[in-house]
Amino acid sequence: MPKGSPELTATRREEIMNACAKLYQTMRSSEITMGQIGAVTSFTRTSIYNYFQTKEEIFLALLEREYRLWTDELDALAASHETMTAAQFAEAVARSLAAHELLLKLLSMDHYNMEENARFERLVPFKVAYGASLDAMRRCVGKFFPETDCEQFLFVFFPFLFGVYPYAVATEKQLDAMREAGIAFRMHTIYEMVYACVIGLLGERG
């Protein structure tokens, strides 16, 4: 266990997570090592193991944090509106997720590997954060669209989120391969895809 106050432990965990997130902006998750993460922090690489035992635990903690931030936004949305049209709600959710690109990028990772390589005590808080996001969306849909099958909405919407980032963000290599393959395509933004999904699930037309 790390020595020091809970505040120091939390601060160092955040520093490690932020270092990983910074590297993840320009590198694939498979390329990032604990040594590289340690080089971006203010303490030794070996000290990281006092807070996270594997790289996957760091990514899982990042995803947990992103879920919590997005949950707060969903709760604020429910608290600040008495009613919303389907278009207004779809726009709000789409804008929210467009601002949380890291959440969607992390969701596109190999979750099985991420969770299998994290300790149980690290996995549980992540599941709590994930469950809170489900509940927050459940509250929004239940409040604004009581006639909608809320569980069916969640059943489709949350798995849909796993594929948004790869469809919205592509490298030049990927785009060139699509052109070479003769595939007719148009890139869509995160906002466009989320908006269309929410509108469709609520039985409306965009």
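Just so you know, all these numbers are worked out from the coordinates, no wet-lab data involved. The structure displayed is predicted, hence computed values, not measured ones. Using ideal geometry, Cβ is built from the backbone for each residue, glycine included, and neighbour counts are taken over all protein chains shown.
Odds and ends about this structure:
- Debye, to nearest 20: dipole size of segment 140-206, +1 on Lys, Arg Cβ, -1 on Asp, Glu Cβ: 140 debye
- When +1 charges are put on Lys and Arg Cβ atoms and -1 charges on Asp and Glu Cβ atoms, the dipole computed for segment 60-201 relative to its Cα centre reaches about 120 debye.
- Pairwise label distance in nanometres, ALA10 with GLN53, each label 7 Å out on the Cα-Cβ vector: 2.4 nm
- Shown here are the Rg and Dmax of the Cα trace of segment 86-169, at 14.2, 41 Å.
- Cα lying deepest toward the dipole's positive end in segment 53-206, options PRO125, PHE144, ALA86, charges on Cβ: ALA86
- Note on segment 1-52: with charges restricted to the Cβ of Lys and Arg (+1) and Asp and Glu (-1), its dipole about the Cα centre is near 80 debye.
- Gyration tensor verdict on segment 60-201 (Cα atoms; rounded if a/c is under 1.5, prolate if a/b is larger than b/c, oblate otherwise): oblate
- On the beta carbon distance between ARG95 and MET178, with R0 = 30 Å, the FRET formula returns roughly 0.60.
- Note, ³J(HN,Hα) from phi for segment 116-133, Karplus 6.51, -1.76, 1.60, rounded to Hz, x at Gly and Pro: 5, 9, 10, 5, 4, 5, 8, 6, 4, x, 5, 5, 4, 5, 4, x, 5, 5
- Relative contact order for the chain: 24 percent, from Cα pairs under 8 Å spaced at least 6 residues apart, divided by residue count.
- In Hz, Karplus ³J(HN,Hα) per residue of segment 60-67 (6.51, -1.76, 1.60; θ = phi - 60°; x = Gly, Pro): 5, 5, 4, 5, 4, 4, 5, 4
- Put the Cα centre of segment 78-150 next to the Cα centre of segment 161-206 and the gap is 19 Å.
- Choice from GLU57, GLU147, GLU91 with maximal GNM fluctuation in the chain (Cα, 10 Å cutoff): GLU147
- The chain: calculated mean residue ellipticity at 222 nm from DSSP helix runs of at least 4, using -39500 (n - 2.57): -21500 deg cm²/dmol
- In segment 1-52, Cα pairs under 8 Å separated by at least six residues give a relative contact order of 41 percent.
- Estimated FRET transfer efficiency (GLN152, THR41; beta-carbon r; R0 41 Å; 0.05): 0.40
- Two-site label geometry, MET187 and LYS22: point separation in nm, points 7 Å out along Cα→Cβ: 2.6 nm
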